Structure formats: C-alpha cells, structure tokens
Amino acid sequence: MGVDRRTFLKAATTGAGMSLAGFTPTSGEIHSPQPLNDGSHRSEQAAPDVVIVGAGNFGMWTAFYLTRLGANVTVVDKYGPANSRSTSGGETRGVRSSYGGQSTGLLWNRWANEAMKRWTLWDEEWGRQLLPKLFFNTGDLIVRPRMVSYLEDTMADWDTLGVPYELITPDEIRYRWPVIGPEGVGVGLYEPGAGVVRARRAIESVAEVFRKEGGQVTIAAAEMGAREGRQLNELNLDPGEQISAATYIFACGPWFPKVFPELMGQRLRISMGHTFYFATPPGDNRYSYPNLPSYGFPGVTGWPALGRDHRGFRVRTGGRGAEDPDLSDRWIPEEYHARPRQVLADHFPGLVDQPINETRACHYESSVSRNFIIDKHPDFDNVWLAGGGSAESFKQGPVLGEYIARRVMGLDNAPELTEGFRLSEEEFGQPRP
C-alpha cells in the first residue's frame, strides 16, 4: 500500500507501526464511549460540512468517525443504510487477518486485527442499549491439502505482528471438529481471534449511532450538480432538490461505474457473489457457533450457524458476472446450487442432504490494484472517492472509516499510505506493466 515490507518492519519494530497503519489507539476522542461533543454546535439550518453519497461500509463508518471528529455530516443513499441491494447488506461477513503473499498483506493484517477489537468494543458499548450483538468470535480455520506459500507468508506476517495462531495437523482437526470431512485436509492454520460479523445489522447499528450523535441520513438519488472551476457546489437530489457542502465523499461501491462512467467504468470490475445458508440437523449443534470455526477451503469460505435467528450454515462459492446493481436479481438460480452441494459432500458430509434455508447474492467491486481507493476526484478539489473494497473492506470497516475521516479532515497521521490508495491510472483490459 505504498509502503514496502522493509519500511513497514522498520516502523513496526521502532514503535511507529500503529501510526503507520493509520490509527492511533491512544486517541480518546475516537475510542471513548462518549461522542466528541454533544452536538450542540449543530444547527438544522446550517449547511453540512460533509455530504457522503453511499450508506454502505465505506460511507457509514466514515460518517460515524467524521461526526466524532466534529464535522456536520449528511449521508445520502437512494435505498438507505443496510438495504438488500448494497454490498454491505448481506447477512454476515467474515473477519480474519490471513493475507499472506499480498502486497497489502501486512497493513490489512494489522487493520483487521485492530478491527476485531473495535467490533468487540462496539458490542460492549452499544449492547447496553439493546442493539443486537454483531461480532461472533468463531476463530478461523484455513485448510489446504499441503503447505503452500499463502500459509507460509501468512504465518510470517503473524509472527512479525505478534498475532496468535496455530498450525495443526489433520488428526488434530478431526479431533477438534469431527464434522469436517477428510477431503483435502493436509494442513490447517487456525486464527483464534477471527470471527463473523452480522453485516446488515452492523450497518444499521452504525447508522443508528450516527443519527444519535447528530448525523443525518437522507434517502434520495444523488448526482453531480453545479460546479465552479475545481469546486463542486452542490448535488442534485431526486426529486428536484439540492444539497450543498464544503466537502463531498462518494462511497458508491458497485454503483461507481454508473455514477462516474468515464472515470470508474474501466477502473473497477463488478461481480456477483453467491452465498447459501443450509439448515442444520434438528437438535445437532455441532454445526453452530461456538462449536465450529469459520473455515476456508480452496475456492470456498463459510462459517457455522449463528444464534439467535440461526439462519443456517453458510457456504460462500463463486458467483456470476457483472449486472446492473439497480436491476439485478438477488436470488441464486438453481443452476448454481450444485457447487455448494459438492462443497458439503467434500468437507461437511453430514449436511449434504440438508435443505437450503435461504440464498444471498450481492455485488462486489474490485479495483485494478486490488487495493482500496481513497483519493480525491481528479477534476475536483473538494470531492473524494472511497471504494474499491475488493471483497475485503467490510472486515476492516471500523479502522478504514477512521482513516478516511482523518484524511478528509486534514488529520492524516499516516501519509506514508497515501500513494497506495491513489486512483490508478491503469484500467482493466490494459496490458500490465
């Protein structure tokens, strides 16, 4: 992410690693259960300081931290926070830090581990107000037929950062979790701190706290309005209204190519992910939390059924290609059901004949660099772009949102990371340098 491994290791070993990762755990204004202020400086008549377009993972967490930093913030979304069409609107998302071999691996590893702590703190703080539990510390088990470089690199990163893990044998896997079938089980890498987040409920919770602390959410379609030179003066809202701010952040997820077709049309690839929730045998809790970890076999991930609603045992396979996120069907046709059934037959044979409780399908947007995009619009001085989640941003939301908020407010404490988050000049379909 603009920082090579040598620089990162040097910073980490000299105590600067936390700052380098883009967050400061000692900043009480962010981590305190109390907001930065009581909102008394805000006025309903005053124009907001920041307008964010998009109420998903990027948008809502950034809005939350901007409010904690003292900004007046309005979030505009055509469907609303945690809606079923959003990438963040699915039932669950995994939170792990196994990024071995990726250029972003060390930073994402550190951010993900900090995010796990923040998910836990969020439950402790807001659970007292009866908001639903979000984070389930399942642990995560990666299984491969043999040792591969991905596992070796992940362990090297964990060793560098002091993250606890276990390298376990097939016999130990069968002993701990006897429901796992023998197919492809040669080595296991277990991360005890990992877990699963209730995705839709998480965004709903962040939006609710954001409102409590003075933020506003507006349901409307937004498009670029009047401009003056390199300044955007307003957004046009459907139907027939305008909203103005000093700063605008577009966090549009898979809608980016529709909002900025020339700029983002070839810089993002949109795909549809498929998730299945299978019923577990009545009275059999071996496939439910906390009796089974989240898991990763080659080409598939998933986790146990979570209480209280117990939607089922989750299997995430591939999906289908790009579709219009406003028009795509969010159910999974039967022609795609064979693959998850084979996953059960190979790895969880006790579930192979169980019915499907429900399916989920959502869009993902991947950047050319496979890195997040946090940068100013090239044509405007007061317009930011935040996206390119590449199927990894949700787990890091509580940290990612603070990083973006600090950048926007001019409080960036990790300038070393800026270059890695720039909007790439490269586009899909071009030969790679």
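Computed quantities for the displayed model
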{"item": "Alpha-carbon Rg/Rh ratio, for the range 177-242, with Rh computed the Kirkwood way", "result": "1.34"}
{"item": "Residue among Ala245, Ala202, Ala63 with the largest mean-square fluctuation in a Gaussian network model of the chain, springs linking Cα atoms under 10 Å", "result": "Ala245"}
{"item": "Label point 7 Å beyond Cα of Ala391 along Cβ direction - residues of the range 276-308 with amide nitrogen under 12 Å", "result": "297-302"}
{"item": "Per residue, the convex hull volume that the Cα atoms of the range 94-200 enclose (Å³)", "result": "118 Å³"}
{"item": "Label point distance in nm, Asn291-Ala322, each placed 7 Å from Cα along Cα→Cβ", "result": "4.5 nm"}
{"item": "Mean Cα-pair separation over length for the chain, i.e. relative contact order, pairs under 8 Å, 6 or more apart, %", "result": "23 percent"}
{"item": "Sequence-separation-based contact order of the range 291-433, relative, with Cα cut under 8 Å and 6+ spacing, percent", "result": "15 percent"}
{"item": "Gaussian network model of the chain, springs between alpha carbon atoms under 10 Å - residue of Pro192, Pro298, Pro170 with greatest fluctuation", "result": "Pro298"}
{"item": "In the range 118-166, the GluC sites (Glu not before Pro) that fall in loop regions by DSSP, at most 11 other Cβ within 10 Å", "result": "none"}
{"item": "Column: log10 I(q)/I(0), Debye, Cα scatterers of the range 372-413, q = 0.35 Å⁻¹", "result": "-1.20"}
{"item": "Helix-only mean residue ellipticity at 222 nm for the chain, each DSSP H run of n ≥ 4 adding -39500 (n - 2.57), per residue, nearest 500", "result": "-7500 deg cm²/dmol"}
{"item": "Volume per residue that the Cα convex hull of the range 353-433 spans, once the total is divided by residue count, Å³", "result": "171 Å³"}
{"item": "Fewest-first sequence of Ile180, Ile374 by Cβ atoms within 10 Å of each Cβ", "result": "Ile180, Ile374"}
{"item": "Proportion of all alpha-carbon pairs of the range 227-320 beyond 18 Å (%)", "result": "67 percent"}
{"item": "Computed label-point distance, nm, for sites Glu208 and Thr169 using a 7 Å Cα→Cβ extension", "result": "4.8 nm"}
{"item": "Given (i) 41.8, 128; (ii) 21.6, 67; (iii) 22.2, 72, the label whose value is Rg and Dmax of the Cα atoms in Å derived from this model", "result": "(ii)"}
{"item": "37 °C / 0.692 mPa s Stokes-Einstein diffusion coefficient of the range 280-433, Kirkwood radius on C-alpha pairs, µm²/s", "result": "174 µm²/s"}
{"item": "Bridge type composition, the chain - antiparallel percent by DSSP, nearest 5", "result": "75 percent"}
{"item": "Centre separation in Å (Cα based) which lies between the range 196-260 and the range 271-336", "result": "30 Å"}
{"item": "GNM top mover of Gln129, Gln242, Gln342 - the chain, alpha-carbon springs below 10 Å", "result": "Gln129"}
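Read-outs: derived from the displayed coordinates by stated rules, not from any lab. Quick caveat: nothing in here was measured; it's all calculated off a predicted structure. A quick note on method: Cβ atoms are made from the backbone with ideal geometry, for glycine too, and the neighbour counts reach across all protein chains shown.
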